[in-house]
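Worksheet: the structure to be examined is printed underneath.
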Amino acid sequence: MIKTKDFRAIMPTAEPLLDRLQDLYQDLPETRCSCEQPGVCCTYLPEITVLEAWQWIRCMQAMPESELTATFRKFVEFYLTNPARLSGCPFLVDGVCSVYKYRTFGCRSYGLWSQKMGRTRTRESRNGKKALRLMWKGFGVELPTDVVEFEIDYCDKVQIQGGKPLQDDTIMALLQQVYDLGEPLGDFQTRFETEYHSDFSFLMTSLVLGMKKALLEKLMVIKEIVQKGTETRLQRALDKVSPDMLNF
Ligand code: SF4
């Protein structure tokens with residue numbers, strides 16, 4: 001499990017890499033969205049690299065305490081409830097990204113991949129959700145159909161503002177560069193990927209509850225929400241969130 005002291009240890013190495021990360025983002029063209037449901041593509045959190053996780057932590061640390069606490073709680077709530085609720089990325093405020101400059105490569109490249117690639121990913125995601133539903137069924141939990149079957153078709157409304165459309169292999173090469181940027185962080189990168197499945201909400205929840213407890217608590221919280229319609233356990237977990245936990 002990644003602990004506070006681990007974040008302290010990587011800070012001197014991670015910090016100078018953030019400018020380079022922003023430079024790499026600039027290799028993607030600026031986009032504009034003409035969708036009638038702005039923010040719907042932010043219903044789920046993107047998978048992010050460890051350096052992007054660090055960038056988001058720095059963003060949160062820069063927030064006033066009340067905003068930091070509220071955002072931290074939203075990430076914990078997102079993690080503990082996400083198979084049973086569609087709450088959206090915690091950084092999404094009134095349909096707008098509140099950390100626009102610091103949105104991740106996954107956020108920025110959405111809509112830039114070819115429709116073929118996008119549709120393939122959408123199909124994979126739908127299949128993954130079927131497997132997820134079966135897994136939860138094995139725990140005695142029937143996930144709500146409207147949540148587990150929610151999946152928007154790949155967006156075709158993203159418009160490029162200057163610059164040319166990129167080929168999938170170019171976007172993939174850029175993504176690889178973003179990933180490789182985390183190499184100086186050593187096993188921190190691998191641990192975030194393998195232990196946390198590149199899920200920032202899991203990382204945040206583990207800081208509050210510990211890793212094993214986060215997994216167990218998720219099971220109990222979802223069971224309570226789905227079977228009783230109450231959220232006592234969720235509120236108890238959220239009450240443990242303290243801004244001090246990101247004070248490193
Ligand atoms: S960081 Fe911003 S763009 Fe990315 S999923 Fe969250 S709200 Fe959407």
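Things to note:
- Within region 30-50, residues that are at positive phi have Cβ atoms under 6 Å from residues that are among the aliphatic types (A, V, I, L, M) and within 12 Å of the ligand (Cβ to nearest atom) in these pairs: GLY39/LEU92, counting only partners at least 6 apart in sequence or on another chain.
- Answer from LYS240, LYS164, LYS228 - the residue that is surrounded by fewer than 21 Cβ atoms within 10 Å (Cβ to Cβ), modelled with pLDDT under 95 and of a type in the set (Lys, Arg): LYS164
- Counted as qualifying within region 37-130 are the helices (runs of 4 or more DSSP H) with 3 or more residues that are β-branched (Val, Ile, Thr), namely 65-81.
- Qualifying residue in region 107-128 (condition: touching a helix residue (DSSP H, G or I) at 6+ places or on another chain (Cβ under 9 Å), farther than 22 Å from GLU217 by Cα, within 12 Å of the ligand (Cβ to nearest atom) and among the aromatic types (Phe, Trp, Tyr)): yes
- Candidates CYS33, CYS41, CYS59 - the one that is at pLDDT 95 or above and either within 16 Å of the ligand (Cβ to nearest atom) or touching a strand residue (DSSP E or B) at 6+ places or on another chain (Cβ under 6 Å) (or both): CYS59
- Tabulated pairs, region 81-101, first within 7 Å of the ligand (Cβ to nearest atom) and among the aliphatic types (A, V, I, L, M), second part of a loop (DSSP other than H, G, I, E, B) and at pLDDT 95 or above, C-beta under 8 angstrom, 6+ apart or interchain: LEU92/SER98; VAL99/PHE91
- Single residue of region 133-153 satisfying the filter (part of a loop (DSSP other than H, G, I, E, B) and free of Cβ contacts under 8 Å to residues at least 40 places away in the same chain) that is surrounded by the fewest Cβ atoms within 10 Å (Cβ to Cβ): ASP153
- Filter pass, PRO12 being out of contact with any Pro (no Cβ under 7 Å at 6 or more places or on another chain) and free of Cβ contacts under 8 Å to residues at least 24 places away in the same chain: yes
- Residue match in region 14-36 (condition: over 27 Å from GLY163 (Cβ atoms) and surrounded by fewer than 19 Cβ atoms within 10 Å (Cβ to Cβ)): yes
- Within region 111-132, tally of residues that are over 23 Å from CYS33 (Cα atoms) and without any contact (Cβ under 8 Å) to a residue 40 or more places away in the chain: 7
- MET211, sole failed condition from (1) under 23 Å from LEU18 (Cβ atoms); (2) modelled with pLDDT of 95 or more: (1)
The values are calculated or read from the model by the stated rules, or taken from the named source; none is laboratory data. This is a predicted model, so every value here is computed, not measured. Neighbour counts run over all protein chains shown; Cβ positions are idealised from the backbone, glycine included.
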